[in-house]
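The values are calculated or read from the model by the stated rules, or taken from the named source; none is laboratory data. Predicted model only: the values in this text are computed from it and were never measured. Here the Cβ positions follow ideal geometry from the backbone for every residue, glycine too, while neighbour counts run over all protein chains shown. Surface accessibility is based on the protein's heavy atoms, side chains included, excluding ligands, DNA and RNA. Shrake-Rupley method; radii C 1.70, N 1.55, O 1.52, S 1.80 Å.
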Amino acid sequence: MSEYNYDLITIGAGSGGVRASRLAGGYGAKVAIVEELREGGTCVLRGCVPKKLLVYGSHIQEEVSDAEGYGWTVDGLKHNWEKMIDAKNTELDRLHGIYVNLLKNANVERFHGRGIIVDEHTVSVDGKHITAERILMAVGGWPSTPEIPGIEYVISSNEALDLRERPDRVLVVGSGYIAVEFAGIFNSFGSRVDLVFRADQVLRGFDKDIRSTLTDEMTKKGINIISKVLPEKIEKSDTGFRVYLSNKKNIEVDQVLYATGRSPNTQGLGLAEAGVDLTENGAIKVNEWNQSSVESIYAVGDVTDRINLTPVAIAEGRAFSETLYNNNPMKTDYNDVPSAVFSQPPIGSVGLAEHEAKEIYNDIDVYISGFRPMKYTMTNNTERGLQKLIVDRKTQRIIGAHMIGLDAAEIIQGIGIAVKMNATKADFDATIGIHPTAAEEFVTMRDKRAG
């Protein structure tokens, strides 16, 4: 008989934790999972899924306007924000139920409460101690905000998804993907949006041409972009909030949304006390097998602050369980991971940005194509897109592919397979395009950009 209650205790029932737990349970391990909130985690309950549902809804008014170019007349268009939020919550309840069933079907025992590490084999859940041979930390990240006067008045992306009514005036602070996505959502639903951030352009770290195009398109859509500026103080007023900026100006708004980053959700979990090495921002340091500095404690997902994407957490969860519970050693490959930003217009990206490629390769070729989506040619919609390929000149291998425009995420998923398989520019050139589509631009680029 085992000296422990379980073979594995997972703390955190998000995408990575659930994948690891149910696979381990399916392979015969005795598994418990601890969740303080609801099974599903950030992506399903507070991130990717509800956010994209709101993105879909926010496009409707623009699509109705575009429909006039095709002869449609629509009268009396109205939107009920509260009804949309209720529908979104119904969908999240359904997805939560799926996660619960996945765990039940794998014989994973569920504990509700805050899981705190007592020692290398013991977890306390609301005062009850349970033990396991191994502990897996999959607690994800949590929105972080700076210490400025009035910060208690702001909301994060968590609360933004549950507002019972739409604010008419919104200040979004941040330049990352969460900030630009919510700026687009509120703007498209009719709110006045000011986007404030410290950098010179949105999406620091992304390819420069993608950043420039998105900045231009967001401005065209009416978002007031205020770069190289940050809030210094927030005061409650009779009609909302007054935000004092570092450029000595101030803005009156109904809601202030901070999207300035997320931090690993490790505070107060007993990790350091148990000897687990953490980074400066609280991330759990792990090796290539997802193992921390304590032999029996592992971690996957955003809490390790490697590539903070749901599919990566799922891949890490799978690698953990395959290695330890299925005698199938597996490591996660972090090269050429595709990603998307559901901004307006959306972005898809895989491989290296141009500035990254220049640092790694001696010589590169850059192919770029700007376009106006065919869907808009009979409308007054002036939105434009851009596609870009970055090629290692020596081997002619595609080392980066980027797109901003309609269906970018869907298109880049396919391009990502080609990049992962080390496709060359000649392979792209030899592929016959599907006409008329935006995707065919990737196989019809012939002219290198000068310089």
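On a per residue basis, the stretch 68-164 carries 57 Å² of accessible surface, using protein heavy atoms and a 1.4 Å probe. Ellipsoid semi-axes for the stretch 20-119, based on the Cα gyration tensor and the rule √(5λ), read 42, 14, 11 Å when sorted largest first.
If I stretch the segment between Lys448 and Ala426 completely, what's the gain in nm (0.36 nm per residue apart, minus their alpha carbon distance), one decimal? Display every interim value, and only then the final one.
Numbers: separation 22, 0.36 × 22 = 7.92 nm, distance 1.36 nm.
Full extension from Lys448 to Ala426 adds 6.6 nm.
Could you tell me what % of all Cα pairs in the stretch 29-78 have separations over 13 Å? Spell out each step's value before the answer.
Values: 871 of 1225 pairs.
The share of Cα pairs beyond 13 Å in the stretch 29-78 comes to 71 percent.
For the stretch 355-427, the solvent-accessible area works out to 49 Å² per residue, with a probe of 1.4 Å and every protein chain left in place. Rg/Rh, computed from the Cα trace of the stretch 273-412 with Rh as the Kirkwood radius, has the value 1.11. Report, for the chain, the % of DSSP beta bridges that are antiparallel, rounded to 5. So the antiparallel bridges amount to about 60 percent of the total.
Specify whether the C-alpha gyration tensor of the chain places it in the rounded, prolate or oblate class, a ≥ b ≥ c being the square roots of the eigenvalues: rounded for a/c under 1.5, otherwise prolate if a/b is larger than b/c and oblate if not. Kindly include the intermediate steps, with their values, before the conclusion.
Working: a/c = 1.77, a/b = 1.28, b/c = 1.38.
The shape class here is oblate.
Is the shape of the stretch 79-190 best called rounded, prolate or oblate, per the rule: a/c under 1.5 gives rounded, else a/b larger than b/c gives prolate, else oblate, with a ≥ b ≥ c the square roots of the Cα gyration tensor eigenvalues? If you can, show how the numbers build up before the last one.
Values: a/c = 2.95, a/b = 1.66, b/c = 1.78.
Oblate, since a/c reaches 1.5 and b/c is not below a/b.
Classify the stretch 145-202 as rounded, prolate or oblate, taking a ≥ b ≥ c as the square roots of the eigenvalues of its Cα gyration tensor: rounded when a/c is under 1.5, otherwise prolate if a/b is larger than b/c and oblate if not. Note, shape of the stretch 145-202 comes out oblate.
Using a simple spin-label model with pseudo-atoms 7 Å out from Cα toward Cβ, Met330 and Arg164 lie 4.5 nm apart. Within the stretch 144-165, which residues have the backbone N less than 13 Å from the label spot 7 Å out from Lys233 along Cα→beta-carbon, could you tell me? Answer for the stretch 144-165: 148-151.
Within the shell defined by Cβ-Cβ distances under 12 Å, the residues around Glu120 carry a net charge of -3, with Lys and Arg each +1 and Asp and Glu each -1.
The solvent-accessible area of Ile234, taken with every protein chain present and a 1.4 Å probe, is close to 10 Å².
Look at the dipole of the chain built from charges on Cβ: of Pro329, Thr431, Thr90, the Cα furthest out on the positive end belongs to Thr431.
Would you kindly find the accessible area of His112, with a 1.4 Å probe and non-protein molecules such as ligands, DNA and RNA excluded, rounding to the nearest 10 Å²? Here the residue's solvent-accessible area equals roughly 100 Å².
Between Thr382 and Asn362, 0.36 nm times their residue separation minus their Cα-Cα distance comes to what? Provide the component values of the computation, followed by the final result.
Details: separation 20, 0.36 × 20 = 7.20 nm, distance 3.78 nm.
Using 0.36 nm per residue and subtracting the Cα-Cα distance, I get 3.4 nm.
Ratio to report: Rg/Rh of the stretch 277-344, with Cα atoms as the point set and Rh obtained by the Kirkwood method; give two decimals.
Working: Rg = 13.0 Å, Rh = 12.8 Å.
Ratio of gyration radius to Kirkwood radius: 1.02.
Solvent exposure of Ile151, expressed as accessible area, is near 30 Å², computed with a probe of 1.4 Å over the protein chains only.
Could you order His402, His79 so the one with the most accessible surface comes first? Probe is 1.4 Å.
In descending accessible area the options line up as His79, His402.
Between Thr279 and His355, the FRET efficiency from the beta-carbon distance, with R0 = 30 Å, is close to 0.75.
Of the solvent-accessible surface of the chain, computed with a 1.4 Å probe and all protein chains present, 48% belongs to carbon and sulfur. Relative to the Cα centre, the charge distribution of the stretch 321-451, modelled as +1 at Lys and Arg Cβ and -1 at Asp and Glu Cβ, gives a dipole magnitude of about 260 debye. Given their separation in residues at 0.36 nm each and the Cα-Cα distance between them, Ser212 and His112 gain 31.5 nm when the chain is fully extended.
Computed from the Cβ-Cβ distance with R0 of 51 Å, the FRET efficiency linking Asn224 to Asn105 stands at 0.55.
Counting only the backbone N, which residues of the stretch 253-295 are under 13 Å from the spot 7 Å out from the Cα of Glu36 toward its beta-carbon? Only 263-271 fall inside the zone, counting backbone N under 13 Å.
Helix by helix through the chain, keep the DSSP H runs that span 27 Å or more along the axis on Cα and average at least -1.0 on Kyte-Doolittle, and give those back in order.
Numbers: long enough: 81-105 (36 Å, -0.60).
Qualifying helices, which must be both long enough and hydrophobic enough, are 81-105.
Longest span of the chain, sites excluded, free of chymotrypsin sites (Phe, Trp or Tyr not before Pro) in DSSP loop with at most 14 other C-beta atoms within 10 Å?
73-288
Assign unit charges at the C-beta atoms only (+1 for Lys and Arg, -1 for Asp and Glu), then state the dipole size of the stretch 315-371 relative to its Cα centre in Debye, rounded to the nearest 20. Working shown, then result.
Numbers: 3 positive and 9 negative charges, 54 e Å.
Rounded to the nearest 20 debye, it is 260 debye.
Ordered by 1.4 Å accessible area with all protein chains kept, Arg318, Arg449, Arg198 run largest first as Arg198, Arg318, Arg449.
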